[in-house]
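See below for the structure under consideration.
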Amino acid sequence: MGEDADARKINHGFLRDHGYVTEADVISTVEFNHTGELLATGDKGGRVVVFQREPESKNAPHSQGEYDVYSTFQSHEPEFDYLKSLEIEEKINKIKWLPQQNAAHSLLSTNDKTIKLWKITERDKRPEGYNLKDEEGKLKDLSTVTSLQVPVLKPMDLMVEVSPRRVFANGHTYHINSISVNSDCETYMSADDLRINLWHLAITDRSFNIVDIKPANMEDLTEVITASEFHPHHCNLFVYSSSKGSLRLCDMRAAALCDKHSKLFEEPEDPSNRSFFSEIISSVSDVKFSHSGRYMLTRDYLTVKVWDLNMEARPIETYQVHDYLRSKLCSLYENDCIFDKFECAWNGSDSVIMTGAYNNFFRMFDRNTKRDVTLEASRESSKPRAVLKPRRVCVGGKRRRDDISVDSLDFTRKILHTAWHPAENIIAIAATNNLYIFQDKVNSEMH
């Protein structure tokens, strides 16, 4: 990737831009399913919107299908905890798709306290010709039934039905920050600030606590859990990140309670860079295993890092996301932006990584060529087949045309949530209350 010469490489044509207006419409999570045919978003209003990719048109067989709204449903409602006098907001923190077992699709969605399993099914036929029911579905008087007929299935307009299958409640004292489905397809875990629980997808009334970092005296608390994820292939391994910048890889075969980690990944701090903000900006906001399972990707406030599971001492790659903000940390602390939690994502072949930034910018880093690019998700770039132009942020000195000054960045326009199609160069970007979907028309397949 890189600058203008490489603009052709990320020639993302815009597919869809959904504009909303209210606070409840602010998107809080984005997730592709395992095939990439479905894309789910959750918002602060507790709604889940599922988009489906349209099939390729017969007139233009090589044109990729767009994503259109497939189903919308209310996943969570606002609640009130009377024991603690606390409001539990309906905001969807995370969505995770379950691997597809049959014609139906299933996903997990969670707010701060309650995880729900939803089933999404299609119906395009309806039964007709019942013997004991009339056309409205009411039972007939048996004395009027004089002959028997065989009910038949008649075609009808496609209906997408969403039904709640399970509700996993009362498992967490603190706010849930992540959920992850195990590769065994039977269990999943949920993590809050101090504990991680293991659930069976068929059992709602109990879970097993597998990590508990709560000290006996809360005044001794030095760190919290920020994110966790299961290994994509080994069902016994999982990782969780902390607000101190460390990663702990745990093996459930070693003990029922994984308080003693198998591996600790931590980068030694450079004393020359030590400041009041060091601990805040080193907090890991997201961790993702690579599809191969060999690497882990982490995001902290200023960087994304790639870790090799076989090397704990330091990351094998570190990429600066927006190093120009290092001199602005004081004002970012005052307006609370320094606590923003940015996510990160791998492409399908683990060769490119993506993460968000401010001013509706998002960054991409090519691990092979070491090139990087800054792109902007905006109304201007959201016209169909528009080409995204690389953007540059300058810090004083000479400015090239189209450069943007670090002082004019809009910190209210931030891209926290991103997702990458599992097999193709299609990305979904949540920019506050807009969903942008971009596609690389030149390199549609992974390289």
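When the residues 213, 316 are ordered by accessible surface, computed with a 1.4 Å probe over the protein chains alone, the sequence from largest down reads 316, 213. Pairs of Cα atoms nearer than 8 Å and 6+ residues apart set the relative contact order; for region 327-388 it is 18 percent. Amide hydrogen proximity for residue 70: with H placed 1.01 Å from N in the peptide plane, the residues at 5 or more positions away or on another chain lying under 5 Å are 50, 51, 52.
The residues neighbouring residue 311, those whose beta-carbon lies less than 13 Å from its own, together hold a net charge of -1 under the Lys/Arg +1, Asp/Glu -1 convention. Amide H contacts of residue 210 (H built 1.01 Å from N, in plane; Pro and chain starts excluded): 196, 197, 198 sit under 5 Å, all sequence-distant by 5 or more or on other chains. Pick out which of 252, 296, 159 has the largest mean-square fluctuation in a Gaussian network model of the chain, springs linking Cα atoms closer than 10 Å. Comparing 252, 296, 159 in a Gaussian network model of the chain, the most mobile one is 159.
Summary value for the chain: 16 percent relative contact order, contacts being C-alpha pairs under 8 angstrom separated by 6+ residues. Divide the volume of the convex hull around the Cα atoms of region 328-425 by the residue count and you get 129 Å³ per residue. Taking 20 °C and 1.002 mPa s as the conditions, I'd like the Stokes-Einstein D for region 196-299 in µm²/s, using the Kirkwood hydrodynamic radius from alpha carbon pairs. Translational diffusion coefficient: 141 µm²/s. Within the accessible surface of the chain, defined with a 1.4 Å probe on protein heavy atoms only, the carbon and sulfur portion equals 50 percent. A straight Cα-to-Cα reach below 19 Å connects residue 263 with the lysines 244, 288, 305, residues fewer than 8 places away in its own chain not being considered.
Straight-line cross-link partners of residue 214 among the aspartates and glutamates, defined as a Cα under 17 Å from its Cα and at least 8 positions apart when in the same chain: 192, 193, 223, 259.
Residues of the chain were split at every exposed loop site, defined as GluC sites (Glu not before Pro) in a DSSP loop with at most 11 other C-beta atoms within 10 angstrom, and the longest piece left, sites excluded, is 137-447.
Longest stretch of the chain clear of exposed loop sites (chymotrypsin sites (Phe, Trp or Tyr not before Pro), DSSP loop, at most 10 other Cβ atoms within 10 Å, sites excluded): 83-275.
Remark on residue 242: its backbone amide H falls under 5 Å from those of 226, 284, a criterion applied only to residues 5 or more positions apart or on other chains, H modelled at 1.01 Å from N.
For the chain, set up a GNM with springs between Cα atoms under 10 Å and report which of 138, 125, 305 has the largest fluctuation. In the Gaussian network model the winner is 138.
With K and R counted +1 and D and E -1, the other residues having a Cβ less than 14 Å from that of residue 200 yield a net charge of 0. Comparing 247, 132, 39 in a Gaussian network model of the chain (Cα springs below 10 Å), the most mobile by mean-square fluctuation is 132. Per residue, the accessible area of the chain comes to 50 Å², computed with a 1.4 Å probe over protein heavy atoms only. Across region 181-340, Cα pairs under 8 Å and at least six residues apart give a relative contact order of 15 percent. Each residue of region 90-95 was assigned a 3J(HN,Hα) from its phi angle through the Karplus expression (A = 6.51, B = -1.76, C = 1.60, θ = phi - 60°), giving 7, 3, 7, 7, 8, 10 Hz with x at Gly and Pro. Computed about its Cα centre, the charge dipole of region 49-201 is approximately 420 debye, with only Lys, Arg, Asp and Glu carrying charge at their Cβ.
The values are calculated or read from the model by the stated rules, or taken from the named source; none is laboratory data. It should be emphasised that the depicted structure is a prediction, and the values quoted were computed from it without experimental measurement. Virtual Cβ from ideal backbone geometry, glycine too; neighbours counted across all protein chains shown. We work out accessible area using only protein heavy atoms, side chains counted, and drop any ligands, DNA or RNA first. Shrake-Rupley method; radii C 1.70, N 1.55, O 1.52, S 1.80 Å.
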